[in-house]
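Have a look at the structure below before the remarks.
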Amino acid sequence: MATSPIFTQPKIKHMTTPNFNEFRMRCSAIGALMTEPQLKADKEAGNLSATAKTALIKEYSKMVDGRMDDIFSKPMQKGTQQEDESITTLSLYDGRFYVKNEQRLKNEFVSGECDIDDNDGMKIIDIKSSWSNTTFLQSMMKPLDSDYYWQGQGYCWLYDKPRFEIAFVLVNAPFEMIESEKRKYLWSIGNPSEHNAYIMEHLAQIEKNHTFDDMPIEYRVFKHCVERNDDDIARIPAKVIKARQFMQEIFEKRISR
């Protein structure tokens, strides 16, 4: 009687062990690392939260495997393309000449590259180009996000500054992006060859939704200010050490199968 073949899981090829002691948390991800676990015992032990572990799995995938989750959105695209325009707008608003920072810093535990290193004003500034008037107003009315708070503490530590500002700026979307939104609308209604008054009105509204030159500059900039907190900064190293241990655990579990 014939027997069914036995299938075994292929052995994983030998991998060079990464040096996780060299891992540094990006300032933009410190907030996730610093979230507290739900159980009291885990809090008292200084253990990592589920949110922190999720963030670290992404960091592991990037560091060890060279893989990243695809992150692409229209607001992010606008933020990247219009960063210089937002810096110019903030310069006009503050009456200061700001330039884009190109220096990435690191210490033993964290790394980061701020948008503006304002030495004269003794502060770090991070720029957020709002997607729309609605998202700008929402940011204005919400309290400061804890992720931004911790990002600011990381930057203050790295750049040795006493304060951090996050500036939400409302600037025009790139022309190509506005045209893309118009094409998307026309496609949704069957891409008619002729545009009636209703269609033309809708196309004009799309353009208005993404251009803000008619608004005074005072309406288009809002800032959250964060003072440096050395007590909170002192809490970061222990979490980074825990993060390195967790990433080592991921590696060992993967190669032990």
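The single condition among (1) under 22 Å from Leu90 (Cβ atoms); (2) surrounded by 20 or more Cβ atoms within 10 Å (Cβ to Cβ) that Thr134 does not meet is (2). If only one of Met247, Met215 is under 22 Å from Phe20 (Cβ atoms) and at pLDDT 95 or above, which one is it? Being under 22 Å from Phe20 (Cβ atoms) and at pLDDT 95 or above holds for just one of Met247, Met215, which is Met247.
Among the residues of segment 189-212, write down those that are modelled with pLDDT under 95 and small (Gly, Ala, Ser). Gly190, Ser193, Ala197, listed by residue number.
What is the residue count in segment 147-197 for residues that are of a type outside the set (Gly, Ala, Ser) and either in contact with a Ser or Thr (Cβ under 6 Å, 6 or more places away or on another chain) or free of Cβ contacts under 8 Å to residues at least 60 places away in the same chain (or both)?
Residues flagged as of a type outside the set (Gly, Ala, Ser) and either in contact with a Ser or Thr (Cβ under 6 Å, 6 or more places away or on another chain) or free of Cβ contacts under 8 Å to residues at least 60 places away in the same chain (or both) within segment 147-197 amount to 25.
What number goes with the only condition from (1) within 24 Å of Asp160 (Cα to Cα); (2) touching a residue at least 24 places away in the same chain (Cβ under 8 Å); (3) not hydrophobic (A, V, I, L, M, F, W, C) that Asn101 does not pass? Asn101 satisfies all of (1) within 24 Å of Asp160 (Cα to Cα); (2) touching a residue at least 24 places away in the same chain (Cβ under 8 Å); (3) not hydrophobic (A, V, I, L, M, F, W, C) except (2).
Do you know which residues across segment 216-246 are over 30 Å from Met63 (Cβ atoms) and surrounded by 12 or more Cβ atoms within 10 Å (Cβ to Cβ)?
First, the residues of segment 216-246 that are over 30 Å from Met63 (Cβ atoms): 216-225, 227.
Selection gives Ile217, Tyr219, Arg220, Val221, Phe222, Lys223, His224, Cys225.
Taking the criterion of being aliphatic (A, V, I, L, M) and in contact (Cβ under 8 Å) with a residue 60 or more places away in the chain, the only residue of segment 104-130 that qualifies is Val110.
Scan the helices (runs of 4 or more DSSP H) fully inside segment 110-217 and keep the ones with 2 or more residues being among the charged types (D, E, K, R).
On the way: elements: 133-141, 146-159, 175-188, 197-209.
It comes to 175-188, 197-209.
Quick check on segment 21-70: of everything there that is out of contact with any helix residue (DSSP H, G or I) (no Cβ under 8 Å at 6 or more places or on another chain) and among the small types (Gly, Ala, Ser), which residue is farthest from Arg244 (Cα to Cα)? In this case the residue turns out to be Ala41.
The values are calculated or read from the model by the stated rules, or taken from the named source; none is laboratory data. Worth saying up front: this structure is predicted, and the values here are computed from it rather than measured. Quick reminder, even Gly has a Cβ in these numbers, built from the backbone with ideal geometry, and neighbours come from all protein chains shown.
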